[in-house]
Structure formats: structure tokens, C-alpha cells
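Enquirer: I have a structure here, written as C-alpha cells, and I will follow up with some questions on it.
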Amino acid sequence: MKKHVMISKNLILQAGEVMYVPFDLLFIVALFIFLSMRILRNDQRLVILRLGRFLRVAGPGLVWIIPIIDKGIKVNLERDFPGWQVLSTIELEEKIKALVLKNLQN
């Protein structure tokens, strides 16, 4: 007597059968994960624009964005804001926003 494994209503596998996932689907998922991940050093921040509008300032560390919808602009604090360590978080975010908006308008 053969045993059946029910995966969903429409898909029934016989015992010993393996359900294969198309390679294309795995490739697309891996590409999506690769494109959505950014790693930032301690002296970097990422300004995230969603559909061209400011969303937030993120970083340092691992930052996730949505490919195609979000655009990430890296800001190097050592180069653009000497002495950034003495600024408060709010002051630093405001200066980063001002720098990015100035660069986008030019």
C-alpha cells in the first residue's frame, strides 16, 4: 500500500517523491535578498528615499530596503561632518537630511 503525503488540496505526493522548486524562483528570491541588504560601517549612514520622498536615516549596521521602490544614498560622516561624534542624534539626522536635499536639488 502506497502512502500519500498531502501538501495542499491540489497537490498530493506519493511516498518517496520530492517536490522540486524551480531554479528560477530560487534565483529571484536570492537576488531580491541580495539587493535589499546594505551593510554600513560605524561612520556611515544611509538616507532612504521611498519613491523619491524622504523616509528615514538608517545605520550603522545591517539595513534592509525594498529594491526598486527604495533608493539608498550613503553618507560618509567622516568626510562630510568632521566632529560628528559630538553631535546629538537629532542634530546629526537634520544635518544629513539637509546635505542630501541640497545634493538632490543640484
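Enquirer: When the residues of the stretch 61-95 are narrowed to those that are more than 18 Å from Ile39 (Cα to Cα) and acidic (Asp, Glu), which ends up surrounded by the most Cβ atoms within 10 Å (Cβ to Cβ)?
Expert: Checking each candidate, the answer is Glu93.
Enquirer: State whether the residues of the stretch 88-97 include one that is of a type outside the set (Val, Ile, Thr) and within 21 Å of the chain's Cα centre (by Cα).
Expert: Yes, the conditions are met somewhere in the stretch 88-97.
Enquirer: Between a first residue in the stretch 32-44 that is among the aromatic types (Phe, Trp, Tyr) and a second residue that is loosely packed, with under 12 Cβ neighbours inside 10 Å and at pLDDT 95 or above, which pairs have beta carbons less than 6 Å apart while being 6 or more apart in sequence or on different chains?
Expert: Short answer, once both residue conditions are applied: none.
Enquirer: With Ala98, Ala58 as the choices, which residue is surrounded by fewer than 13 Cβ atoms within 10 Å (Cβ to Cβ) and either closer than 20 Å to Phe32 by Cβ or of a type in the set (A, V, I, L, M) (or both)?
Expert: Ala98
The values are calculated or read from the model by the stated rules, or taken from the named source; none is laboratory data. Note that this is a predicted model, so its numbers are computed, not measured. Here the Cβ is made from the backbone with ideal geometry for all residues, glycine too, and neighbour counts use every protein chain on show.
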